[in-house]
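The values are calculated or read from the model by the stated rules, or taken from the named source; none is laboratory data. Nothing here was measured: the structure is a model prediction, and the numbers come from that model. Backbone-built Cβ (ideal geometry, glycine too); neighbour counts: all protein chains shown. In case anyone asks, the SASA skips ligands and DNA or RNA and just uses the protein heavy atoms, side chains included. Shrake-Rupley method; radii C 1.70, N 1.55, O 1.52, S 1.80 Å.
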Amino acid sequence: MYKNSKLDIEKNEVFIPEKLKDKYKIIFGNSYDEFIESCKTRPKKAIRINKIKCVDSSLVLEYLKSQNIEFTKFPILEETYLIESNVSAIGNTIEHLAGLFSIQEISSLIPAHVLDPKEDDIVLDLTAAPGNKTIYLAQLMNNKGLIVANDVDKDRIKTLIYNLKKQGVTNTIVTNKNGINFNFNCKFNKILLDAPCSCEGIIRRKNDILKTWNENEVLGKAILQKKLIINAFNLLETSGQLVYSTCTISPEENEEVIMHLLENEPSASIEKINLKLEGLSNGLTNYKNKNYNSSLKNAIRIFPHKTNLEAFFICKIKKN
Amino acid sequence: MFQKFQVLENKIKDKLISHLFSRYGIDKQYFKDYEFYKHENSVYLLSKKYCKAVNINLKDKQLFNVGLEIFADYKKYLPSSIGFEIFKTKQIKQNFVVLDRGQAISYFQNKELEVNKIKEKNILSDGYLIVIYNNYIIGTIELKNKSTLFPNLSFVNYDVK
């Protein structure tokens, strides 16, 4: 249902560097043309009703209906709806200003959903700003337990704090530390690492995002991501779970980061993700001349041409 | 040594909880699950369960926020409008106004409102009132001279609709 848009598809021109096109031809094979076409269309907007503040979601949904805004429930995510109408300035409504709902990109919520935190958990969101995933984690935890939301960027911390406040989150503390050597007084039983990346996956929303793309940026990000994931894993208690995610497509920032963890931490193993969502792809098990650990097929790839969502990579890891 | 956040003294905590009860009717039991912290004159609520177990290092210079700010200045009982939105309307017994949509829009645009134009209200005295719209709390407003209401906002949005 969510794949079929009622909107007229407006085609945008997108810029993809030649080197990146060559890379995508390897990754996508026969679906390459389909992938390129999907990059030219914008993903639908979605809203997530904030259950912390809005006990009765019909208040928001009735308002949308009164404005002739059509929407459909997105499967698997709590109180998340795809907007089917052309709308502008939905962020200027009283309901949005009061924090009753937020405007989200669907793919970005899925890592928090996969982590599936409970009321009793102590959770670390290692690179949290601007806070959309943190807020969703807090919602899933019914504002109980404890979340430590960390980010290295002091300016983005201010946005994070504001967003948490606006959504009524009371179970979160915010720290401003470098994730590479972040430490705390305790280990965590769940950790979300939505790593800084080259953002190839948001091309549908920002069609010139790749104008400054270069291979060195990818490799530089991969070095950072490998350091982050090793530290994140060390912060995990035994039997704890870590979800690693990015909004980029390059295997150097995804499967190869997981491989780095598996090679350096023998107690790490990849868990299967059970997501009832149409069009998901498995993680890659090989790329160019490299073979990856076969358990990487349990990671998830979200591709726009198969799901009508923004590209994402998600992997769930357990500490044995 | 620098310490940005501190656990709020019990005496002040009890005073604030009593104020919330006497001013708005918010049941004191509501706060049993929260720890109170302060930073300068602001007061914050943090879900209590793991505060002690985790032993948050309040002396950590890189600790930037703890829970949700509910008082912007506890010495003046100045509420944080966004923070007060965590309460539910059924908890509020007095000192509130219920706005219609047009009035709620004016509120977010930081426009003054006349109390006699508000149909549904329960006001005991001047001071900060809770603002309700469509059965949820959208902030706080200050009543002066029993007649004029001044929005207590941390941001203004002139494009609200």
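The set of residues in the stretch B:81-125 being under 20 Å from residue A:165 (Cβ atoms) and either open to solvent by 50 Å² or more (accessible area, probe 1.4 Å) or free of Cβ contacts under 8 Å to residues at least 12 places away in the same chain (or both) consists of B:88, B:110.
Can you tell me how many residues in the stretch A:240-284 are farther than 22 Å from residue A:218 by Cβ and touching an Asp or Glu at 6+ places or on another chain (Cβ under 9 Å)? Total meeting the criteria: 1.
Of the residues making up the stretch A:30-88, those that are over 27 Å from residue B:89 (Cα atoms), among the polar types (S, T, N, Q) and touching a helix residue (DSSP H, G or I) at 6+ places or on another chain (Cβ under 7 Å) number 3. Picking from residues in the stretch A:77-128 that are farther than 28 Å from residue B:104 by Cβ, open to solvent by less than 10 Å² (accessible area, probe 1.4 Å) and not in a helix (DSSP H, G or I), the one that is modelled with the lowest pLDDT is A:77. Restricted to the stretch A:31-60, and to residues there that are assigned to a helix (DSSP H, G or I) and more than 19 Å from residue A:207 (Cα to Cα), the residue that is modelled with the highest pLDDT is A:31. Residues in the stretch B:49-70 that are assigned to a helix (DSSP H, G or I) and either among the aromatic types (Phe, Trp, Tyr) or surrounded by 20 or more Cβ atoms within 10 Å (Cβ to Cβ) (or both): none. Checked against the criterion of being open to solvent by 10 Å² or more (accessible area, probe 1.4 Å), touching a Cys at 6+ places or on another chain (Cβ under 9 Å), without any contact (Cβ under 8 Å) to a residue 60 or more places away in the chain and within 13 Å of chain A (Cβ to nearest Cβ), the candidates B:158, B:136 yield just one match: B:136. Of the residues examined, residue A:72 is not one that is touching a Ser or Thr at 6+ places or on another chain (Cβ under 7 Å) and either outside any loop (DSSP other than H, G, I, E, B) or over 24 Å from residue A:303 (Cα atoms) (or both).
When the stretch B:17-41 is filtered for residues that are open to solvent by 20 Å² or more (accessible area, probe 1.4 Å), touching a strand residue (DSSP E or B) at 6+ places or on another chain (Cβ under 7 Å) and within 14 Å of chain A (Cβ to nearest Cβ), the ones remaining, listed by number, are B:33, B:34, B:35. Based on what the data block shows, is residue A:158 within 9 Å of chain B (Cβ to nearest Cβ) and part of a loop (DSSP other than H, G, I, E, B)? No: the conditions fail for residue A:158. Considering only residues in the stretch A:10-55 that are in contact (Cβ under 8 Å) with a residue 24 or more places away in the chain and hydroxyl-bearing (Ser, Thr, Tyr), the one that is farthest from the other protein chains (Cβ to nearest Cβ) turns out to be A:31. Quick check: anything in the stretch A:241-255 over 18 Å from the mean Cα position of the chain (by Cα) and open to solvent by less than 60 Å² (accessible area, probe 1.4 Å)? Within the stretch A:241-255 (the criterion being over 18 Å from the mean Cα position of the chain (by Cα) and open to solvent by less than 60 Å² (accessible area, probe 1.4 Å)), the answer is no, since none of the residues qualifies. Residues of the stretch A:176-206 that are at the interface with chain B (Cβ under 10 Å from one of its Cβ atoms) and either assigned to a helix (DSSP H, G or I) or surrounded by 24 or more Cβ atoms within 10 Å (Cβ to Cβ) (or both): A:188 alone. Within the stretch A:241-300, the set of residues being touching a residue at least 40 places away in the same chain (Cβ under 8 Å) and in a helix (DSSP H, G or I) comprises A:251, A:253, A:255, A:257, A:258, A:261, A:296.
Quick one: which residue in B:128, B:77 is in contact with a His (Cβ under 6 Å, 6 or more places away or on another chain), touching a residue at least 12 places away in the same chain (Cβ under 8 Å) and more than 14 Å from chain A (Cβ to nearest Cβ)? Give the derivation first.
Values: B:128 fails: in contact with a His (Cβ under 6 Å, 6 or more places away or on another chain).
Within the list B:128, B:77, the selection yields B:77.
Restricting attention to the stretch B:61-70, does a residue exist that is facing chain A (nearest Cβ under 7 Å), within 20 Å of residue A:166 (Cα to Cα) and among the acidic types (Asp, Glu)? Yes, there is a match, as at least one residue in the stretch B:61-70 is facing chain A (nearest Cβ under 7 Å), within 20 Å of residue A:166 (Cα to Cα) and among the acidic types (Asp, Glu).
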